[in-house]
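So the structure is just underneath, and the comments pick up after that.
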Amino acid sequence: MEFSHSAFRRQGASIFMTSVFSPWPENAAADFGRRPLKLRHNLADSPLFSDEALIRLIEATPRKNYHVNTMPCDSNDPHLWREGDMTGLSGSEVLAAVARGALWVHLQRTQETDDAYRVLLDAAFEEIERNAPGFKSFKRSMSVLVSSPRMNVAYHADVPGQSLWQVRGRKRVWIYPARAPFLPRRAIENIVLRRASDTDLPFDASFEPHAESYLMEPGDMATWPRNSPHRVVNEDCVNVSFTTEHWTRELAAGYVADYANGLLRPWCGGRDLSRETRGPVFLAKAALASGHKFIRRFADRGTPLTVDFRVAPEAERGFTDVPPYALSK
């Protein structure tokens, strides 16, 4: 049967079975967002992730809401991560390039591109909140990831709360503690302040014994504590997955503390400051962060990127090099 987005919107959550999740383990309610967890979901067969739906989603996603990237499959060096373009290509051409090449297609804010994904996103978080008493989320977002066999994502840390949902293929994710030396305070402050990218983190092979590692297969969902560094490697198959991000009052307060601490660090001898999120000192930091963000809005010109390849389904690597040019997002 041909998939219809309008039909999905009419049926709402029922299209992806009666529940987003399989039964939660006993410890999941208390541990959600506080330690790495692997849960089971029922979305692997959702028509929202069929080839036909992905083709439509790729074609409907505006340039400001996607990244297409490549890097050598045998490298974990974030400096080799390259930005590309797929403007004007059909969704089927992009999928063909992913299948034969070395590409990572990241379709951001899919809930803004099509309401069907918003329905799914809201249903997922409503169920999480029912299963995890006290967990209340806001400012939710969803991204769909389509990636080539053996592609990897370098060691990095995200700012909002983050979960990875596997739909097709297999990948392995390694999750590291959100503390030094895995995540130096100065590094996360610079990421929060957008002075550095989320991959500007020191990585060392000695970190491996401290990582929680999950093999992600269709129907798996992994989540982890705030800012936990992680990296991902696909197995020898095309992967389709999606990520969800969210904020809670606790996450937002932690963000404010890191933002203000990053501003104050040069004035405090470069030392680490408290990440406490209560009391008069935190309120002063919140005022500082709010004022800085307000002023910054007027000078914000987006994140500068250098685009140096274009997706090409007929090319051996799924892309061809182009003369570098600047893009701001």
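The values are calculated or read from the model by the stated rules, or taken from the named source; none is laboratory data. As the structure is a prediction and not an experimental result, all values here were calculated from the model. All Cβ positions, glycine included, derive from the backbone under ideal geometry; neighbour counts span all protein chains shown.
Worth pointing out:
- For the residues Arg249, Arg301, Arg231, Arg296, the requirement of being within 30 Å of Ser148 (Cβ to Cβ), within 26 Å of the chain's Cα centre (by Cα) and of a type in the set (Lys, Arg) singles out Arg231.
Let's see how each residue does on (1) part of a strand (DSSP E or B); (2) of a type in the set (A, V, I, L, M, F, W, C); (3) at pLDDT below 95:
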site: Tyr214; (1), (2), (3): yes, no, no
site: Pro218; (1), (2), (3): no, no, no
site: Ala222; (1), (2), (3): yes, yes, no
site: Asn227; (1), (2), (3): no, no, no
site: Val233; (1), (2), (3): yes, yes, no
site: Cys237; (1), (2), (3): no, yes, no
site: Phe242; (1), (2), (3): yes, yes, no
site: Glu245; (1), (2), (3): yes, no, no
site: Leu251; (1), (2), (3): no, yes, no
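- Selection within the range 33-84 - touching a strand residue (DSSP E or B) at 6+ places or on another chain (Cβ under 6 Å), more than 28 Å from Pro324 (Cα to Cα) and part of a strand (DSSP E or B): Leu37, Lys38, Leu39, His41
- Scanning the range 173-210 for residues that are surrounded by 18 or more Cβ atoms within 10 Å (Cβ to Cβ) and of a type in the set (Gly, Ala, Ser) yields one hit, Ala187.
- Filter result for Thr199 (farther than 24 Å from Arg265 by Cβ and either of a type outside the set (Gly, Ala, Ser) or not assigned by TED's automatic domain parsing to the domain that holds Leu263 (or both)): no
- Residue within the range 293-307 that is farther than 21 Å from Tyr66 by Cα and touching a residue at least 12 places away in the same chain (Cβ under 8 Å) present: yes
- The sole residue among Pro47, Pro25 that is over 24 Å from Pro202 (Cα atoms), assigned by TED's automatic domain parsing to the domain that holds Ala124, buried (at least 17 other Cβ atoms within 10 Å of the Cβ) and over 21 Å from the mean Cα position of the chain (by Cα) is Pro47.
- Restricting attention to the range 296-324, the residues that are surrounded by fewer than 10 Cβ atoms within 10 Å (Cβ to Cβ) and β-branched (Val, Ile, Thr) add up to 0.
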